[in-house]
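A.B. asks: The structure that follows is given in the form of structure tokens.
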């Protein structure tokens, strides 16, 4: 799971689009703010893009079937506004913190040290 953090307009969806492109997804990746979940088929893995902006509690997050996405080994799951997962967040997600100030973005990625990008699995 890739947990995206950042203020509104920081670039979380843009980051998700780039990740999807890296997985071989050629179709347009749009923000799932109103749909909550968008799924795409990549070359070898599914890409599940989830936006929790409109959900205000972990109880509401459970209602969209989040556990199925978090446990899916055949998918890369990217969650915008991941702080809304609360205690539902997996133990070791890849965390991407995006800050935007004065027309610049700073991206800090943590938790990815033991992730095999080519194989899509943890070592």
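None of the figures in this text is laboratory data; all of them are computed from the coordinates on show. Computed from a prediction, not measured in an experiment: that's the story for all the values here. Every residue, glycine as well, gets a Cβ built from its backbone with ideal geometry; the counts of neighbours run over all protein chains shown.
A.B. asks: Can you give me the Cα centroid spacing of segment 1-49 and segment 54-84 in angstrom?
C.D. replies: 13 Å
A.B. asks: Also, quick follow-up: Just grab the label-to-label distance for residue 30 and residue 60, each label 7 Å out from Cα along the Cβ direction, in nm (one decimal).
C.D. replies: 2.2 nm
A.B. asks: Answer rounded, prolate or oblate for segment 5-75, using the Cα gyration tensor with square roots of eigenvalues a ≥ b ≥ c: rounded when a/c is under 1.5, else prolate when a/b is larger than b/c, else oblate.
C.D. replies: Because a/c hits 1.5 or more and a/b fails to exceed b/c, segment 5-75 counts as oblate.
A.B. asks: Now for a different question. Suppose each label sits 7 Å from its Cα in the direction of the beta carbon; what would the residue 88-residue 8 distance come out to in nanometres?
C.D. replies: 2.2 nm
A.B. asks: What number, rounded to the nearest 500 deg cm²/dmol, is the helix-based mean residue ellipticity at 222 nm of the chain, given -39500 (n - 2.57) per DSSP H run of at least four residues and division by all its residues?
C.D. replies: -4500 deg cm²/dmol
A.B. asks: Provide the packing ranking of 97-109, 38-50, i.e. peptides ordered by the mean count of other C-beta atoms within 10 Å per residue, highest first.
C.D. replies: Numbers: 97-109: 11.6, 38-50: 18.1.
Answer by packing, highest mean first, reads 38-50, 97-109.
A.B. asks: Antiparallel versus total DSSP beta bridges in the chain: what percent is that, nearest 5?
C.D. replies: Values: 14 of 27 bridges.
Taking every DSSP beta bridge with both residues in the chain, the antiparallel ones total about 50 percent.
A.B. asks: What label, among (i) 14.7; (ii) 15.8; (iii) 16.5, belongs to Kirkwood radius over Cα pairs in Å computed from the structure on display?
C.D. replies: Given (i) 14.7; (ii) 15.8; (iii) 16.5, the calculated one carries the label (i).
A.B. asks: Could you sort 28-37, 83-92 so that the peptide with the highest average Cβ count within 10 Å comes first and the rest follow in order?
C.D. replies: 28-37, 83-92
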